[in-house]
Amino acid sequence: MTGKSGEVWLKAATAGSLWASVEIVLGSFLHNLRVPFAGTILAVMGISLMIGFQYKWKEKGLIWRAGFICAIMKSLSPSAIILGPMIGILTEAVLLDAFIRFLGRNPAGYLFGSIAAVLSALVHKVVTIIILYGFNIVTILENMYHYAEKQLKIKGPDPVTLIIYLIILYIAFGIFATLIGILAGKRLAKPSGFSLKKSEKSVEPDFSVMGNEKYSMGLLVLHLIVLITGLYLINKAKLAISVFAIAPYIAFLIFKYKRAMRRLAKPLFWMQLIVILVVAVIFWNEYSTGSIFQSEGFVIGIKMILRALMVVMVFSAVSVELRNPVVKTILFRRGFSRLYTSLSLAFSVLPGVMKRISKPGIMILNPVKALSQIIFLSESIYNNFREQMGQQQPVYIIAGDQREGKTIFLKDSISLLKEEGIEVEGIMAEGMDEFGKRTGFELVNVSTGKKILLCSIHGEKNWVKTGKYFFNPGGLEFGKKILSGISSSSVLVIDEIGPLELSDRGWAGPIQNILARYDNKMIWVVRRNLTEKIIQKFDLKNVTIIDIARYKPAELINWIIGGSNNRI
């Protein structure tokens, strides 16, 4: 991850990991104590932190990248509901970044960006409530307000005026966030014991926090369709029809996503729904009938509960499906390999950072000092990231599906490298076909052109079978010998890294040795759907994905020769 863009992503990984730490430490504290405006306080702290970073690092696009990383780190937590926090964090980051770009890195840019970002938290909260309970909740709240006026015999401001007051309050929050951020950025304070211990730099992100789920892109699409259809039924159809139509689907969600439905087991969640029902029964007709129980209010309340259950459960299911490796593979194909690398780096320091940031109480009582200490930590974290990147050689992964042309792409790349006078060593697997059917692979020494049978669908007794192929022990030894004798002056080619290596066989051992001692650039060939697993398996940090559906061999050679990757 070199070049100007790579530096921005390294700094975004630093800022994003610190933002995520504040979200986790302070968020848990506020939510456990049921502090009012907890989400707004978190927004203020996150925005202030990003403003403070503008006094340390000047790169454009740092804030939205940091917000992107923080949001995705939030999505990889074990929490069942991730879409709301993710959208909130990302929206705040994008708005703040946009205003600073438009108005400049100055108090005006910070002020208007901060106000817009904090107001987005209010809009997000309102939209979330309406999505959860429908517009009926607006009618009920308005009736409750008018009833309170009658009981207290006072005339309060009309609802529109109240909304204006609330907006003014959030503007004040935005101004407050700006002041904290500016002061924190100007008064960087060194925290005690700010260095990260080695043992706290080795934690890797857990991309399977939901367990061994079986993902389905079809279900992801189905959930979104059913959500829209279900909400329409609840709003338009009779209650009995809505329940009859939706109940089987809810049962399916509970059965399919047991671990993701943990929120349904919390008493507080059901208490909130009961309160909604009681309030709907009493206040749907503004308490005008003289009777506490109102049948129309009861039906509306049940529909609101049904709607809330539907939204919560579908969003929980969608949150699981968004962890689908296919979704991540699509990101890789669209050029987001650096995002993955940044996430790996951010996760690697998260535990250590969380131990060193100020205690939640201090963050609230003295936010300027707390945030300045957090920003000061960034230098140590950033240097740690640069050290990790500098210690690992660049790896260019040629990614594609089976029989899509990866080997042809590799051959053309090798030819171009040799035309440039660059020495190439390593191994290449060439397919063997009979009557249009793939029957095996030959292993080729890239330097000499010497070949040997690597695997075939027709194996011998002592050959190990993986998938439909039997692997020739002699072919494996041939490849291992080549990989153990490479020179550091060559570009190393390894084709193909896949299931064998993931199970610590094949070229896994030689690759580990190469990563420990080899200091030149490498080209690996990997199936597209295994790319992420290979990156995790070998803990690759300085990696670039070359998807053959998007790029040409000449572009790969330009990146290798130029020593920088400007794809993102």
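The values are calculated or read from the model by the stated rules, or taken from the named source; none is laboratory data. Everything numeric in this text was worked out from a predicted model, so none of it was measured. Every residue, glycine among them, receives a Cβ derived from its backbone with ideal geometry; neighbour counts consider all protein chains shown.
Annotation note: of Ile381, Ile486, the sole residue that is closer than 30 Å to Thr14 by Cβ, surrounded by 12 or more Cβ atoms within 10 Å (Cβ to Cβ) and touching a helix residue (DSSP H, G or I) at 6+ places or on another chain (Cβ under 9 Å) is Ile381. For the range 513-535, the condition of being in contact (Cβ under 8 Å) with a residue 40 or more places away in the chain, in the same structural domain as Gln402 (by TED's automatic domain parsing), among the polar types (S, T, N, Q) and in a helix (DSSP H, G or I) holds for at least one residue. Annotation: of all residues in the range 240-263 being in a helix (DSSP H, G or I) and at pLDDT below 80, the one that is surrounded by the fewest Cβ atoms within 10 Å (Cβ to Cβ) is Arg259.
Only residues that are buried (at least 23 other Cβ atoms within 10 Å of the Cβ) and more than 24 Å from Gly405 (Cβ to Cβ) were counted across the range 489-524, and they come to 0.
Looking only at the range 487-505, decide whether some residue is hydrophobic (A, V, I, L, M, F, W, C), more than 28 Å from the chain's Cα centre (by Cα) and modelled with pLDDT under 85. The answer is no; no qualifying residue exists.
In the range 419-459, the residue that is nearest to Ser489 (Cα to Cα) out of those that are polar (S, T, N, Q) and touching a residue at least 12 places away in the same chain (Cβ under 8 Å) is Ser447. Each residue in the range 198-239 was checked for being under 26 Å from Lys258 (Cα atoms), at pLDDT 80 or above and either touching a strand residue (DSSP E or B) at 6+ places or on another chain (Cβ under 6 Å) or among the small types (Gly, Ala, Ser) (or both), and 1 of them qualify. Within the range 411-429, the set of residues being more than 16 Å from Lys552 (Cα to Cα) and either surrounded by 16 or more Cβ atoms within 10 Å (Cβ to Cβ) or outside the structural domain of Gly449 (by TED's automatic domain parsing) (or both) comprises Ile422, Val424, Glu425, Gly426, Ile427, Met428, Ala429.
Kindly establish whether Lys552 is buried (at least 17 other Cβ atoms within 10 Å of the Cβ) and basic (Lys, Arg). Spelling it out, it is not the case that Lys552 is buried (at least 17 other Cβ atoms within 10 Å of the Cβ) and basic (Lys, Arg). Does Arg34 satisfy being at pLDDT 80 or above and not β-branched (Val, Ile, Thr)? Judged against the criteria, Arg34 is not a match.
Being assigned to a helix (DSSP H, G or I), closer than 26 Å to Phe269 by Cβ and either among the aliphatic types (A, V, I, L, M) or over 38 Å from the mean Cα position of the chain (by Cα) (or both) is not true of Leu183. Scanning the range 217-268 for residues that are within 21 Å of Glu296 (Cβ to Cβ) and free of Cβ contacts under 8 Å to residues at least 60 places away in the same chain turns up Tyr232, Leu233, Lys236, Ala237, Lys238, Ala240, Ile241, Phe244. Scanning the range 465-506 for residues that are of a type in the set (A, V, I, L, M, F, W, C) and in contact (Cβ under 8 Å) with a residue 40 or more places away in the chain gives Ile482, Leu483, Ile486, Val491, Leu492, Val493, Ile494. Scanning the range 93-133 for residues that are surrounded by fewer than 21 Cβ atoms within 10 Å (Cβ to Cβ), under 22 Å from Lys56 (Cα atoms) and of a type in the set (D, E, K, R) yields Arg101, Arg105. Of all residues in the range 348-375, those satisfying the criterion of being surrounded by fewer than 17 Cβ atoms within 10 Å (Cβ to Cβ) and at pLDDT 70 or above are Gly361, Ile362, Ile364, Leu365, Asn366. Please verify whether Met1 is of a type outside the set (Val, Ile, Thr), in contact with a Phe, Trp or Tyr (Cβ under 9 Å, 6 or more places away or on another chain), modelled with pLDDT under 80 and part of a helix (DSSP H, G or I), treating the condition exactly as stated. The answer is no for Met1.
A single member of Lys481, Lys465 is loosely packed, with under 14 Cβ neighbours inside 10 Å, in a strand (DSSP E or B), modelled with pLDDT of 80 or more and of a type in the set (Lys, Arg), and it is Lys465. The residue that is modelled with the highest pLDDT, counting only those in the range 269-293 that are under 20 Å from Glu149 (Cβ atoms) and either buried (at least 19 other Cβ atoms within 10 Å of the Cβ) or touching a strand residue (DSSP E or B) at 6+ places or on another chain (Cβ under 6 Å) (or both), is Ala280.
Return yes when Asn462 is closer than 30 Å to Arg187 by Cα and without any contact (Cβ under 8 Å) to a residue 60 or more places away in the chain and no when it is not. Answer is no for this residue.
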